[in-house]
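K.L.:
Let me begin by handing over the structure; questions about it come next.
Every number here is computed from the coordinates shown, using simple stated rules; none is lab data. This structure is a prediction, so every number in the text was calculated from the model and none was measured. When we count neighbours, we look across all protein chains shown, and the Cβ atoms used for this are built from the backbone with ideal geometry, even at glycine.
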Amino acid sequence: MFKDIRFQLIIAVLLWVGTYVSLIPLSEWVVSLFPVERESHLGEAMAFFIYDAPKVLLLLTAVVFVMGIINTWFTPERTRTLLAGRSLGLANILAASLGVVTPFCSCSAVPLFIGFVQAGVPLGVTFSFLIAAPMVNEIALTLLFGLFGWKVALLYLVLGLLVAILGGLVLGKLGLEKYLEQWVQDIEKKQHSFDAEQLTFSDRLQAGVVSVKDVVGKVWIYILLGISVGAFIHGFVPENFMASFMGKSAWWSVPLAVIIGVPMYSSAAGIIPVVQALLAKGAALGTALAFMMSVVALSLPELIILRKVLTLRLIITFVSIVASGILLVGFIFNLVL
Amino acid sequence: MIDVKVLGGGCANCKNTIKLVEEVAREQGVEIKLEKVEDMQDIMAYDVMSTPGVVINGSVVHRGSVPQRDRVMDWFSGE
């Protein structure tokens, strides 16, 4: 019985809930153990770290586990079958949404791209998928939820999907097929049969456990680093310090944030805690979101990988359109809020 | 002799897969012929969209992640 994965799961859930609901008293108690004034700079920084780090890690574990299970239904092969033979428009919405739930690693961006092209998925639809997949992922959404609350997380989800859908539509309308590398253009289109692997429920649970080990095992260090930097900013940077150069009145800060963000490569895990701290010190939400999106959505390593299938010209077009979309998001936000 | 191909263009998970396959084969005393397939066109010939993929005696048995150790053992014990 103790070896049964379902039984283990129930124990894990109980432990999880127990820890989560007692986080605030527990973290305050831990802080009080240190010989530090609670109201001092160091006390503030410590309280932030000791409460937020376990909270975010707990949330992430739960979400990654559930996503690991959901992912077993959305293999890239099934996603391709769903998208093949559709035309621009509704298919972009579908592609962007599938980008959220299909497991994606930028290291397989090329085989995925080719697989889509081969199956006759239109280029614009493929791009919608490729923009959404890295940008709107469970790690980013969980951190946003944990550190900013559900409204900002939802906003990020909706706007991220919007950038992916519109970006893909525009790229599709531009008729850029001729700017694919020659060998990609020469690939024969073919029909794919798709047989779903027969997985039992405990196989799927197992997949959830594996992705927790994989993902949380990899990102926890970035989260701790990000939260440490964030904690430092919380404790030591003066209030409203960021307002002058990342505030609403500084319109140029949005493009600047995007320009700095595009070549930067960090997982959402590391960047979001820092952004949260900047926000607390007077940075505008639109500017902060634009920065975050450009760091997460566009990264140099992924672009270098995509260079195998896209000509430089197509890469530049791709980056400019996604960056403009993000820019727009930043401006609209600063204007509305 | 089992013919094993690991498909994937040098990602970290591909290397881990190769290491795992070699390790399990050695432990079980199974003779294998291991081949790394890194060329994108060759990978696509197997219709694998997420690397690493594993091909045993010509058929794709796994794609998208480092396989579980138990599964690798199953492949080698001929199940």
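K.L.:
Ranked by Cβ crowding within 10 angstrom, fewest neighbours first, how are A:308, A:213 ordered? Could the numbers behind the result be given before it?
P.N.:
Numbers: A:308 15, A:213 12.
Ordered by Cβ neighbours within 10 Å, fewest first: A:213, A:308.
K.L.:
For a footprinting-style exposure proxy, rank B:37, A:254 by other Cβ within 10 Å, fewest first. Let's see the in-between values first.
P.N.:
Working: B:37 21, A:254 26.
With the fewest neighbours first, B:37, A:254 line up as B:37, A:254.
K.L.:
Counting other beta carbons within 10 Å of each residue's own, what order do A:74, A:291 fall into, fewest first?
P.N.:
Numbers: A:74 17, A:291 27.
The fewest-first ordering by Cβ neighbours comes to A:74, A:291.
K.L.:
Quick one: if you stick a label point 7 Å off each Cα along the C-beta vector at residue A:10 and residue B:61, how many nm between them?
P.N.:
3.5
K.L.:
To the nearest 20 debye, what charge dipole does the protein assembly as shown have about its Cα centre, counting +1 at the Cβ of each Lys and Arg and -1 at the Cβ of each Asp and Glu?
P.N.:
Numbers: 29 positive and 31 negative charges, 160 e Å.
Around 760 debye, computed over the protein assembly as shown.
K.L.:
Oh, and also: Calculated from DSSP H runs of 4 or more alone, at -39500 (n - 2.57) each and per residue, what is the 222 nm mean residue ellipticity of chain A, nearest 500? Could you put the intermediate results ahead of the total?
P.N.:
Details: 18 runs with 243 residues, N = 337.
My calculation for chain A gives -23000 deg cm²/dmol from helical runs alone.
K.L.:
Could you compute the FRET efficiency for residue B:34 and residue A:188, with r as their C-beta to C-beta distance and R0 at 25 Å, rounded to 0.05?
P.N.:
Values: r = 30 Å, r/R0 = 1.18.
So, using R0 = 25 Å, E works out to roughly 0.25.
K.L.:
Note down the magnitude of the dipole of chain B about its Cα centre, charges +1 on Lys and Arg C-beta and -1 on Asp and Glu C-beta and zero elsewhere, to the nearest 20 debye.
P.N.:
Numbers: 9 positive and 13 negative charges, 42 e Å.
Magnitude of the dipole: close to 200 debye.
K.L.:
Right, something else. Across chain A, how many lysine pairs separated by 8 or more positions, or lying on different chains, have Cα atoms within less than 22 Å?
P.N.:
14
K.L.:
To continue, here is another question. Could you grab the relative contact order for chain A? Cα pairs under 8 Å, six or more apart, rounded to a whole percent. Before the final figure, lay out each step's value.
P.N.:
Working: 490 pairs, mean separation 69.1, N = 337.
Computed value for chain A: 21 percent relative contact order.
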